[in-house]
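Data block below; observations after.
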Amino acid sequence: MLSDPFCLDLPTEDATRNLAGGLAPLLQVGDVLLLSGPVGAGKSFFCRALIRARTHTREDIPSPTFTLVQTYPHPDGDIWHCDLYRLSHPDDVLELGLEEAFSDAICLIEWPDRLGSLAPANALNLAFEATDTGHRVTIRGNAEWATRMNALHA
């Protein structure tokens with residue numbers, strides 16, 4: 001984990017887009033982002049902004065709420081956007097092919113508690129919450145993530 005997990009206030013949609021846009025070029029195949037927080041906390045908005053920044057698309061980025069997984073091809077590694085809210089057991093994750101995607105793609109996982117023990121230990125954890133003035137995210141990760149995240153502050 002990051003030696004000092006840090007919180008960022010995201011008072012506007014632009015602030016969320018800026019964070020997603022800054023993180024997007026730092027990602028590589030095998031990276032997993034675990035996005036937790038209640039409905040309306042900003043997880044899906046962040047994922048859409050990150051996918052747009054990474055793929056340079058202006059097209060609609062649909063929510064994977066009903067499909068569970070949306071994939072976005074990219075020459076530097078496909079992006080899997082997963083919404084696991086409707087899963088009832090971690091074994092359901094195996095049927096989606098997520099274990100393979102954890103090593104072969106960049107994975108954005110909403111509702112990561114549904115993964116149980118299948119959650120990758122080296123994932124970057126982003127805990128979102130709604131506030132009176134917008135949103136807040138608490139970010140935690142291992143030492144490698146700490147090094148990469150420092151690039152956002154440089």
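The values are calculated or read from the model by the stated rules, or taken from the named source; none is laboratory data. Owing to the predicted nature of the structure, the values given are computational and were not obtained by experimental measurement. Cβ placement follows ideal geometry from the backbone for every residue including glycine, while neighbour counts extend to all protein chains displayed.
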Name the single residue, out of those in region 69-118 being among the aliphatic types (A, V, I, L, M) and surrounded by fewer than 17 Cβ atoms within 10 Å (Cβ to Cβ), that is nearest to Pro38 (Cα to Cα).
Val69
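Can you find even one residue in region 49-57 that is of a type in the set (Val, Ile, Thr), in contact with a strand residue (DSSP E or B) (Cβ under 7 Å, 6 or more places away or on another chain) and crowded, with 20+ Cβ neighbours inside 10 Å? Spell out the reasoning first.
At the first step, the residues of region 49-57 found to be of a type in the set (Val, Ile, Thr) are 51, 55, 57.
Next, from what is left, pick out any that are in contact with a strand residue (DSSP E or B) (Cβ under 7 Å, 6 or more places away or on another chain): 51, 55.
With crowded, with 20+ Cβ neighbours inside 10 Å added as a condition, the list becomes 51.
Within region 49-57 (the criterion being of a type in the set (Val, Ile, Thr), in contact with a strand residue (DSSP E or B) (Cβ under 7 Å, 6 or more places away or on another chain) and crowded, with 20+ Cβ neighbours inside 10 Å), the answer is yes, since at least one residue qualifies.
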Across region 29-40, which residue is surrounded by the fewest Cβ atoms within 10 Å (Cβ to Cβ) among those that are under 13 Å from the mean Cα position of the chain (by Cα) and more than 12 Å from Ile109 (Cβ to Cβ)?
Gly30
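For region 48-63, which positions are hydrophobic (A, V, I, L, M, F, W, C) and not in a loop (DSSP other than H, G, I, E, B)? Spell out how you get there, then give the answer.
Narrowing region 48-63 to residues hydrophobic (A, V, I, L, M, F, W, C): 49-51, 53, 61.
Across region 48-63, the qualifying residues are Ala49, Leu50, Ile51, Ala53.
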Pairs only if they're at least six apart or on different chains, beta carbon under 6 angstrom, first in region 69-83 and farther than 10 Å from Thr55 by Cβ and at pLDDT below 95, second assigned to a strand (DSSP E or B) and acidic (Asp, Glu); list them, first residue then second.
Asp83/Glu110
So, in region 128-145, of the ones that are surrounded by fewer than 18 Cβ atoms within 10 Å (Cβ to Cβ) and not charged (D, E, K, R), which residue ends up nearest to Gly97 (Cα to Cα)?
Asn142
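Output yes when any residue across region 5-14 is closer than 19 Å to Cys107 by Cα, in contact (Cβ under 8 Å) with a residue 12 or more places away in the chain, surrounded by 13 or more Cβ atoms within 10 Å (Cβ to Cβ) and in contact with a strand residue (DSSP E or B) (Cβ under 9 Å, 6 or more places away or on another chain), and no when none is. Reasoning before the result, please.
The initial filter retains those residues of region 5-14 that are closer than 19 Å to Cys107 by Cα, namely none.
No: zero hits.
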The one condition in (1) touching a helix residue (DSSP H, G or I) at 6+ places or on another chain (Cβ under 8 Å); (2) under 29 Å from Glu95 (Cβ atoms); (3) modelled with pLDDT of 90 or more that Ser44 fails to fulfil:
(1)
